[in-house]
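The structure appears right after this line, and notes come after that.
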């Protein structure tokens, strides 16, 4: 048995040198104190467990020590890293057997459960330690002697896997997948070839769109470059003006198409058309950022060449050279300041300043508040600064149109093409904003239920407007006027399309979500005795719930799950929200299919000897009835979280799926990263308790659901 390791397997082999170094650093007068033992052997995250281990090994030597020498530490280290299972089992038994009488009572079992729960940060398990201690005693002490012995504890360890195969973290299908993912030695050429094939399969949509976009920019730049190289102005300003004009043409294009990726309603509609087969709609925001980067380059080339190159060359030109350009700049040669103060110069400066502000505050460092500024400049970081600064582009577009009408070196109106580039994208974007404004007002929702879960997660359940139709995996924007009358924030919809309500789960991650939680916490009622300890509110709550506005739904990659036979859903923490909607929708479809089959059986009973005859009318009515066809044959859901309380977020959904999915289409696995991997002595008792309680009661002791919580490393998933 690989279990009951007191030191992680990756540390035990060559860790004695590190332990010696820690001893030399922590020891006083050649002795290590009991309080420093955990840090010395590398158990700082489970100090209580380490101290209990120290006391146990001291009891073995029939002495109570507060300090140990390096030789004694070496002896202890050899014991806890012993490869013999019997030796490790005896140490574990001695940890439980506090009075060293060779027997373990229920109180001692409860104490070690609480110690293991504390080491693995399982607060709920500590609260129910007495109940689980009684369960272990019931299983191992059927004769009610009031104690268990070493051989009984060993039996529980060795027979753990016989409890309904509970400890088997993966299904047979999952195991086969894991085995197929085993790394095989490949030649370097074949490896590079496979990597290239996989890259092209994953990115061919992005690559052709980028190639087309870059090609169009290159064509526009070249066209304007050649056009101005053939004009007289080239003799005065040289390649400065050709480069500036070429860059200006790419800026017109990019300032137009940068609006398209943020036209969410249009993209959501296009996702359901054949265009989704060739266009990467999932990368709309990345494309928006890429275009923004190209705009930065274009501004540098355009404004830079004007300010530092062709303007100075124009001013330094002779009267004879300047004369043919008088129709554009005036009969008198302008000064540098006059060029800057003109309509073209002022509008250009306004655009550049606004772009610098918006682009800077949109960077990850400012948007995510990674840059820490002193007050009051701290207001320049965070989502609010990003959101409001982005609205400066309204000024940019007005200035751009004016700039295009007063552009240098062009007099004929139909050659002033800026408005031509912008007309369709700007009208489309304005139409989207107007639609969102009126639609959010028409989507009046009434809050049905509010709950605040551990981990600072707020769940909001609301009425579903009659015209609000969505797919699982999509998201919607939410506004709470009590928090901010202008801010809209996106959240995945966690209810299924077949539900009669809408629901979202919001985790506190920033200023807006923190204030949202505070506002709803004030409206919630304190926990009632006999019920869960959650802050809750519903329609019967005396306090008035804050108003909520919604807008959507909007498309996302997850909405296409129905196209696949097998689903692999991996969610990390609150990132599992779209998958919860998908699982609920799958469950609803499974139930509908079963109901249709039952109805079909009632209307069209089997025909044969001694069985009723079915008339033609009944046969036609049954065979023409449209049936719901579920393409998905299997769904595997892996949820990884680091807090035990997180399982409360979707506890009801997971229990419902476990009860209703009789065909075993959906397979769910919970992974709690705060628990030590299976085989570690700190989690050994929890692993035993999981298997035992699930076999007896059908409930997982970690998640509190009917879905198993695995405490193994995610080897199969990491291989992906």
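The values are calculated or read from the model by the stated rules, or taken from the named source; none is laboratory data. Given the structure is predicted, the values throughout are model-derived calculations rather than measurements. Counting neighbours? That spans all protein chains shown, and the Cβs are built from the backbone with ideal geometry, glycine included.
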**Item:** Verdict on residue 49 being touching a helix residue (DSSP H, G or I) at 6+ places or on another chain (Cβ under 9 Å), at pLDDT 80 or above and either surrounded by fewer than 16 Cβ atoms within 10 Å (Cβ to Cβ) or not in a loop (DSSP other than H, G, I, E, B) (or both)
**Value:** no
**Prompt:** Which of the following residues is crowded, with 17+ Cβ neighbours inside 10 Å, out of contact with any helix residue (DSSP H, G or I) (no Cβ under 7 Å at 6 or more places or on another chain) and under 30 Å from residue 233 (Cα atoms): 307, 337, 301?
**Reply:** 307
**Request:** Could you list, in sequence order, all residues of region 546-557 that are at pLDDT 85 or above and in a helix (DSSP H, G or I)?
**Result:** none
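Matching residues to (1) at pLDDT 85 or above; (2) closer than 23 Å to residue 293 by Cβ; (3) not assigned by TED's automatic domain parsing to the domain that holds residue 246:
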| residue | (1), (2), (3) |
| --- | --- |
| 372 | no, no, no |
| 376 | no, no, no |
| 389 | yes, yes, no |
| 394 | yes, yes, no |
| 398 | yes, no, no |
| 410 | no, no, no |
| 418 | yes, yes, no |
| 423 | yes, no, no |
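For every residue, the table says whether it meets (1) out of contact with any strand residue (DSSP E or B) (no Cβ under 7 Å at 6 or more places or on another chain); (2) farther than 30 Å from residue 648 by Cβ; (3) at pLDDT below 70.
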| residue | (1), (2), (3) |
| --- | --- |
| 68 | no, yes, no |
| 82 | yes, yes, yes |
| 86 | yes, yes, yes |
| 89 | yes, yes, yes |
| 95 | yes, yes, no |
| 102 | yes, yes, no |
| 105 | yes, yes, no |
| 109 | yes, no, no |
| 121 | yes, no, yes |
**Fill in**
For residue 483, the lone unmet condition from (1) at pLDDT 80 or above; (2) surrounded by 13 or more Cβ atoms within 10 Å (Cβ to Cβ); (3) closer than 30 Å to residue 589 by Cβ is (3)
**Exclusive hit being assigned to a helix (DSSP H, G or I) and either over 30 Å from residue 563 (Cβ atoms) or not assigned by TED's automatic domain parsing to the domain that holds residue 406 (or both), set 204, 269** = 204
**Request:** Return the residue satisfying two criteria in turn: it lies in region 636-648 and is at pLDDT 80 or above and crowded, with 23+ Cβ neighbours inside 10 Å, and of such residues it is nearest to residue 43 (Cα to Cα).
**Result:** 641
**Fill in**
Note: among 315, 327, 357, 350, just one is loosely packed, with under 14 Cβ neighbours inside 10 Å and part of a helix (DSSP H, G or I), namely 327
**Request:** Answer yes or no as to whether residue 383 is more than 16 Å from residue 237 (Cβ to Cβ) and touching a strand residue (DSSP E or B) at 6+ places or on another chain (Cβ under 9 Å).
**Result:** yes
**Request:** Please enumerate the residues belonging to region 455-494 that are in a loop (DSSP other than H, G, I, E, B) and closer than 13 Å to residue 552 by Cβ.
**Result:** 464, 465, 467, 468, 469, 470, 471, 473, 474, 488
